[in-house]
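The values are calculated or read from the model by the stated rules, or taken from the named source; none is laboratory data. Keep in mind it's a predicted model, so treat the numbers as computed, not measured. As a convention, Cβ positions derive from the backbone with ideal geometry for all residues, glycine included, and neighbour counts pool all protein chains shown.
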Amino acid sequence: MSGVKTKTVNADFMHYCLKTVWMAEGASAEHADAVADALLIGMRQGKLNQGLGVYEAIDIALQQGMLDINAEPEVVGEGPTWIAFDGNKSSGYWTLTKMARAAIAKAKEHGIAIAFGGNHNDGGSFGSYAWLAYLEDCLALTSNNSVPMNSPLGGMGNTISVPPWDGIAPGGEEPPVWMSTKLCEWYDGDTAQAVLQGTKVKYDSVIDPESGERGDDLAPYAIPIEGYGRVFDQTAFQNLHEPRLYMMNLFAEALQSIINPVGTITPEVSSLTDIRTATDPSALTTSVGGSFYLCIDPSHFGPIEDVKAKSDRYAQAIVNTQPMPGSRNPRMPGARGWRSILSDAETVEVLESHWGPWFTTQAGRHGMTEESLRADWESQKA
């Protein structure tokens, strides 16, 4: 993103801040670790809008009464190769962590398993949950639906989701096949960036709600939410630029909510406008309608060493492909994040536009500042 200003911060300090502030809101240490761990993976992936700033999504849900920070996600249905969790209005971070662990355990036993979730809030970067499968030499595919912020192809009305779409496969010494993307053109974080840093979105994916004309600038339609730097509402509709993205979005919904026994379809999830303007929290749903976590343990089908060797040969073939004129050498998507996580890199990048509001609003609510948190972090290291 051209014009974007970032800040380099110590990764351990960032984890400490996130965990400390979420616990100050009332979360258990285990729940707070789930939030901080997942957000840090998003930062290590280099996903600037899925790092520190996306914490705002669960904070807004908490302040609006949509999120119960003391709730415990619970199993409400189970079979040998499947399990369903009611999030009980908890965060997606806590719910998806439990879903991932359960699906991985069942896949280890049976070869394949799926976990479903519902009635929970945002979970940040889903690459963090896919990563849990990688650590166990498993393949994972995971996603959730969201507040409606996307229009059906050819339509102008935000009735479908802006979902993450994350998967990973086992690997060896080379970067694995790791997919971490979204099935939409933009998020609310892009609206914030359009206002704060003048960035434009790809394609003509912004639909004017009155004229139906399409453009690439979200700024004229932005509605700031006081105290926040990443979550902005907007009046524009979102246009998908191609049928393939539309079809993938719809198929994701089938897994997220339609076949999910505890799922709610996206058109029945509260919109960001509903959340921003609500006077009666009981009228709001959670910010996520449904989620899934599919896990496969390939060691049930043959030696895992063979799987890793094939993955490495595949990665080598990708990076050894001749680049097009003027292009950089081909690379495995996610390779930089993979190396950062494995090396436990000391620093991560965050957007400056997320840094200040987080310390002012989230930490500041509890009388904490960057300086006080840094002093506490330094003292607990001693």
Can you pull out the helices (runs of 4 or more DSSP H) entirely within the stretch 1-73 that have at least 3 residues that are under 29 Å from Gly118 (Cβ atoms), within 17 Å of the chain's Cα centre (by Cα) and charged (D, E, K, R)?
29-44
From Thr199, Thr235, Thr279, grab the single residue that is of a type in the set (Ser, Thr, Tyr) and under 30 Å from Thr95 (Cα atoms).
Thr279
Any chance you could count how many residues in the stretch 186-213 are more than 26 Å from Trp338 (Cβ to Cβ) and either in contact with a Phe, Trp or Tyr (Cβ under 9 Å, 6 or more places away or on another chain) or of a type outside the set (Asp, Glu) (or both)?
19
Single residue of the stretch 262-281 satisfying the filter (touching a residue at least 24 places away in the same chain (Cβ under 8 Å) and polar (S, T, N, Q)) that is surrounded by the fewest Cβ atoms within 10 Å (Cβ to Cβ):
Thr273
Which fully enclosed helices (runs of 4 or more DSSP H) of the stretch 170-281 have 3 or more residues being touching a Leu at 6+ places or on another chain (Cβ under 7 Å), hydrophobic (A, V, I, L, M, F, W, C) and more than 26 Å from Pro357 (Cα to Cα)?
243-253
Search result, residues across the stretch 299-321 that are of a type in the set (A, V, I, L, M) and either within 24 Å of Ala113 (Cα to Cα) or in contact (Cβ under 8 Å) with a residue 12 or more places away in the chain (or both):
Ile304, Val307, Ala309, Ala315, Ile318, Val319
If a residue must be surrounded by fewer than 24 Cβ atoms within 10 Å (Cβ to Cβ), under 14 Å from the mean Cα position of the chain (by Cα) and either part of a helix (DSSP H, G or I) or aliphatic (A, V, I, L, M) (or both), how many such residues does the stretch 145-169 contain?
1
Exclusive hit being of a type outside the set (Asp, Glu) and either in a helix (DSSP H, G or I) or surrounded by fewer than 22 Cβ atoms within 10 Å (Cβ to Cβ) (or both), set Thr142, Thr95:
Thr95
Of the numbered conditions (1) surrounded by 19 or more Cβ atoms within 10 Å (Cβ to Cβ); (2) modelled with pLDDT under 95, Ile296 satisfies every one except a single condition; which is it?
(2)
